[in-house]
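See below for the structure under consideration.
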Amino acid sequence: MDRDTKLAVFQELIQNSHELCYCSYTPDLHLISSNQDPSTLDGMTLLLVSMGEPLLEYSKHGHLPFRLDSFLHIQWIADFEWEGDTLQKIHVIGPMLTNPISYQDLKKKLDERDLSVYIKHAVTESLNSTPIVANNIINEYVTMLHYCITGEHINGQDYAITPIGNPSSSEEILENSGNEHLGIWPAEQQLLSMLRDGNPNYKEALSRSSSLSFGVKHQATDPLRQCKNNLITLLTLISRAAIEGGLNPAVAYDLNDYYMQKIEDCQRLNDAMSIQEIMMDDYVTRVRQCKSDTGVSKAIQNICNYISVHINEKLSTKELAERTGYTEYYFSRKFKQEMGCGIREYITKEKIERAKMLLSSTNMSILDISLELSFSSRSYFSDTFQRICGISPAEYRKQTLKI
C-alpha cells in the first residue's frame, strides 16, 4: 500500500471518531489540499498560520511529529514528508481541543493578542465545530499519521511541542487558569491510591490520567527531554505513594535514585517509555509484598529489599550478613529458614526476574542484560535462565516482547 492510499484510509478512520480536518501544506504553510471545505475552517487556518513560526522553525530539521499548542490551547498535529534532505509537504490534523473553552475565556485571550478583527471573528465562529479529543487519542493519531507518511513505528508521545512563552507573573497564571486541568486531580489521586495499595490493576488508572494531560508543560522542544521530565515527575509521585503504602523509605529513595539515573541514561523515547513500565511495576510489586509478607523478620525483609535495589551488582553473603549484624553462618541459616531457599538461590532468582522484565520490555541485547545483572558470562546467564524458566532468553523475548 503506497503512502497516499495509507493516508486516505487514515483520514476515513479518524473521521469515524472525530470531525477532524486533514490538510497538506507546502513547507512554507501554503495550503495544498484539504478533506474539508477550507472556508469552513477559515479562522482556524488563519490562526494556524499566525502561530506557525515554531512549526516552520522545527520543520527545517524535524523528522518526528510536531504538536502545535496555541495560546488558546487549540491544537494541531503536524508531520513531515521528506524526500532525502528536501521537505516536500507538511501534513496537519486539526484543529482540536483537549478541554472545553468558554466564550468569555476565548474572547479574553483573543483580545490579549495583536490579531486582526477578522481573525478574531473567524476563530470565534470556527470554535463551535472544533472537536474535543482526549490526549491518549491524540497520541494514537500521532502514531498512525507518522506510520502512514514514513512507514516508521514510533511511540504516541514521540513528538516535539510548541515552546509557548511563560506568563509574566504568577498572578497572570492564576488569572488565566480555567478548565484545562479539569479532572486531572481526581484521576491522579485514584492512580496514587492504587499504588499505595499495591494494586496491580493500576494501568487503567494510569491510562485515564494520561488521557487528561500529556504531561508537564514547559519549553522543551526535544520530545525525549519532555518525556524524561514527565517520567521524573511521575517517579517522584509514585515513590512517595509507595512510602505511604508501607515501603521502607530508604528502599523507596534508593529506587528513586536508581530509576532517575536510568531515565537520564535513555537515548530513545521507546527506552524511556519502557522504563516507565518497569519502575511502576517494581514499586507496585514491592508495596504488595510489604502488605503480604508474614513470618519474615524485619532484618530479612530489609535484606530482600536491598537485594532487589542492588540486583545489578555482585552481592556476597558476607556483605549481606554484615548489613544485618549477624555472622555469615547464622545469617545463611536464618535466611533459608524464613525465605525457604538459600541466599544464593534467592539472589539468582531475583536476577532472572529482573532479566525477564528487561527481555520483555526493552531492546537490550542478551549480552548487555547479562552484563547489567553481573553474570560472569553470556553463556552462564543463558544456562541459568534456561534452568529456571525452562526456555532460553531469546525464546522468552520472542514470546513476551511488548515494544
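Test Leu237 against the criterion of being in contact with a Leu (Cβ under 9 Å, 6 or more places away or on another chain), under 21 Å from Asp282 (Cβ atoms) and modelled with pLDDT of 85 or more, and give yes or no. Taking the combined requirement at face value, the residue satisfies it. Cβ-Cβ contacts under 7 Å between residues 6 or more apart (or on different chains), taken from a first residue in the range 306-326 that is in contact (Cβ under 8 Å) with a residue 24 or more places away in the chain to a second residue that is acidic (Asp, Glu) and in a helix (DSSP H, G or I), are listed as Ile307/Glu350; Ser308/Glu350; Val309/Asp254; Ile311/Glu350; Asn312/Glu372; Thr317/Glu328.
Residue-wise test of (1) under 17 Å from Thr86 (Cβ atoms); (2) assigned by TED's automatic domain parsing to the domain that holds Thr86; (3) at pLDDT 80 or above; (4) among the hydrophobic types (A, V, I, L, M, F, W, C).
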| residue | (1), (2), (3), (4) |
| --- | --- |
| Tyr25 | yes, yes, yes, no |
| Ile32 | yes, yes, yes, yes |
| Gln36 | no, yes, no, no |
| Gly52 | no, yes, no, no |
| Leu56 | yes, yes, yes, yes |
| Leu64 | no, yes, yes, yes |
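Criterion first (charged (D, E, K, R) and at pLDDT 90 or above) does Glu319 satisfy it?
Working: charged (D, E, K, R): yes; at pLDDT 90 or above: yes.
Judged against the criteria, Glu319 is a match.
Evaluating Thr98 against the criteria (1) buried (at least 18 other Cβ atoms within 10 Å of the Cβ); (2) modelled with pLDDT of 85 or more leaves one unmet condition, (2). Selection of helices (runs of 4 or more DSSP H) fully inside the range 287-403 by the criterion of at least 2 residues being among the charged types (D, E, K, R) returns 317-324, 328-339, 343-361, 366-372, 378-389, 393-400. Return yes or no: is Ile343 at pLDDT 90 or above, in contact with a Leu (Cβ under 9 Å, 6 or more places away or on another chain) and assigned by TED's automatic domain parsing to the domain that holds Gly390? Yes, satisfied.
Exactly one residue out of Asn199, Asn270 is surrounded by 14 or more Cβ atoms within 10 Å (Cβ to Cβ), over 30 Å from Tyr58 (Cα atoms) and at pLDDT below 80: that is Asn199.
The values are calculated or read from the model by the stated rules, or taken from the named source; none is laboratory data. Everything numeric here is computed off the predicted structure, so don't read it as measured data. Cβ coordinates were reconstructed from backbone atoms using ideal geometry, including for glycine residues, and neighbour counts include every protein chain displayed.
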